[in-house]
Amino acid sequence: IMGLDYEPLSGINPGIILVSISGFGSYGPYAKKLCFDAVAQGMSGAMCYTGFPGNPPTRAAAPYVDFSSGIYGALGAMFALYYRKKTGKGQMVDVALFDAAVSFVAGMGVAAEYKLLDYIRPQIGNSSFYNYNNTYKARDGWLFIYTLGNSIWRRLLKAIDREDLAQDPRFKDDVSRWQNRDILDPIISEWVSQHTVREVLNLLEEARVPCGPVNDISAVVDDPHVRVRKAIEDVDFPGVGSVPLSGVVIKLSQTPGEIEKRAPLIGEHNEEIYGKLLNLSLEELQQLKQESVV
């Protein structure tokens, strides 16, 4: 990038750490190929597992490959800093969007299933590959109910007054319930449909069954837990007003992070950068503006 590759830079400063995040990394058959989040989702196999049976492969709405690649880059920088602290030497941190995407798919165990069992799982909608759970429509909205293990399953059955199903061999364990999900779905759906979302949540939360509403963004922005933990923070922008932005996810007990200031407007710091750092006069800066350089 701009001729500032790691090798010449490390020759000047052996302790330098350079983080590169690209589509396919610095080497390999696809190294020169262009990539965006959705391309990586598709090539990683993730889209073939996402969506409902019989429908086209589906991308995730949230660009998780972009986000996770940034996290991997930051984590890689931390690894390199630790190594430099021990040895005094820097190194190149090479992160690829494609690698990040593949790591999530392989982490689900589906690569091992294919290699060892010659089995490729189909699309399964909002359910799971290994245990019974799904989205259900209440009278006034949707919610998600998740069961894992017999203990949670029995608590769900008690909450919906269907403890008779606990002795049914078709639902004896997670795998059995998953295999017979087409039988269970109408049973759970019928019960949920008789209640509001809040009624279902109250009953299942009291029974300690994992569940939650399927929120749209308006509900997320106004969610009290989101507000208390500052998962979304309001930041004032000139000419715009209050803008909700993603807050600091990692909560440190001694050094909690915060959004200290908004992002700069285009050219907002030109005088400071060009003047103080590059020693350009106001006249020279004005000339650059007139020539559309800045």
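The values are calculated or read from the model by the stated rules, or taken from the named source; none is laboratory data. Quantities reported herein were computed from a predicted structural model and do not represent experimental measurements. For neighbour counting, all protein chains shown are included, and Cβ atoms are generated from backbone atoms with ideal geometry for every residue, glycine included.
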Hey, any hits in region 269-280 for a residue that's closer than 30 Å to residue 152 by Cα and either acidic (Asp, Glu) or not in a helix (DSSP H, G or I) (or both)?
no
Which of (1) outside any strand (DSSP E or B); (2) of a type in the set (Lys, Arg); (3) touching a residue at least 12 places away in the same chain (Cβ under 8 Å) does residue 137 not meet, given it meets every other one?
(1)
Starting from region 251-271, take each residue that is aliphatic (A, V, I, L, M) and list its partners that are surrounded by fewer than 10 Cβ atoms within 10 Å (Cβ to Cβ), counting only C-beta distances under 7 angstrom and pairs at least six apart or across chains.
265/238
Taking region 151-170 and keeping only residues that are under 18 Å from residue 193 (Cβ atoms), in a helix (DSSP H, G or I) and either touching a Cys at 6+ places or on another chain (Cβ under 8 Å) or in contact (Cβ under 8 Å) with a residue 24 or more places away in the chain (or both), one is left with 156, 159
Conditions: (1) over 17 Å from the mean Cα position of the chain (by Cα); (2) assigned to a loop (DSSP other than H, G, I, E, B); (3) free of Cβ contacts under 8 Å to residues at least 12 places away in the same chain. Residue 61 meets all but one. Number of the miss?
(1)
Among (1) under 30 Å from residue 123 (Cβ atoms); (2) surrounded by 13 or more Cβ atoms within 10 Å (Cβ to Cβ); (3) modelled with pLDDT of 95 or more - the single one residue 73 does not satisfy:
(1)
Restricting to region 239-268, what's the tally of residues that are at positive phi, part of a strand (DSSP E or B) and surrounded by 10 or more Cβ atoms within 10 Å (Cβ to Cβ)?
0
Exactly one of (1) more than 30 Å from residue 16 (Cβ to Cβ); (2) within 20 Å of the chain's Cα centre (by Cα); (3) free of Cβ contacts under 8 Å to residues at least 24 places away in the same chain is unmet by residue 71. Its number?
(1)
Given (1) under 25 Å from residue 58 (Cα atoms); (2) surrounded by 15 or more Cβ atoms within 10 Å (Cβ to Cβ), residue 119 misses just (2)
When only residues in region 43-58 that are without any contact (Cβ under 8 Å) to a residue 60 or more places away in the chain and in a helix (DSSP H, G or I) count, which is surrounded by the most Cβ atoms within 10 Å (Cβ to Cβ)?
46
Given the criterion under 15 Å from residue 99 (Cα atoms) and in contact (Cβ under 8 Å) with a residue 12 or more places away in the chain, identify the matching residue among 31, 77, 40.
40
I'd like the residue in region 214-238 that is free of Cβ contacts under 8 Å to residues at least 60 places away in the same chain, of a type outside the set (Lys, Arg) and assigned to a loop (DSSP other than H, G, I, E, B) and, out of all such residues, is nearest to residue 71 (Cα to Cα).
231
Surrounded by fewer than 16 Cβ atoms within 10 Å (Cβ to Cβ), of a type in the set (Gly, Ala, Ser) and in a helix (DSSP H, G or I), is that true of residue 111?
yes
Is it the case that some residue within region 173-194 is outside any helix (DSSP H, G or I) and among the β-branched types (Val, Ile, Thr)?
no
So, in region 269-288, how many residues would count as being surrounded by fewer than 12 Cβ atoms within 10 Å (Cβ to Cβ), over 30 Å from residue 248 (Cβ atoms) and charged (D, E, K, R)?
1
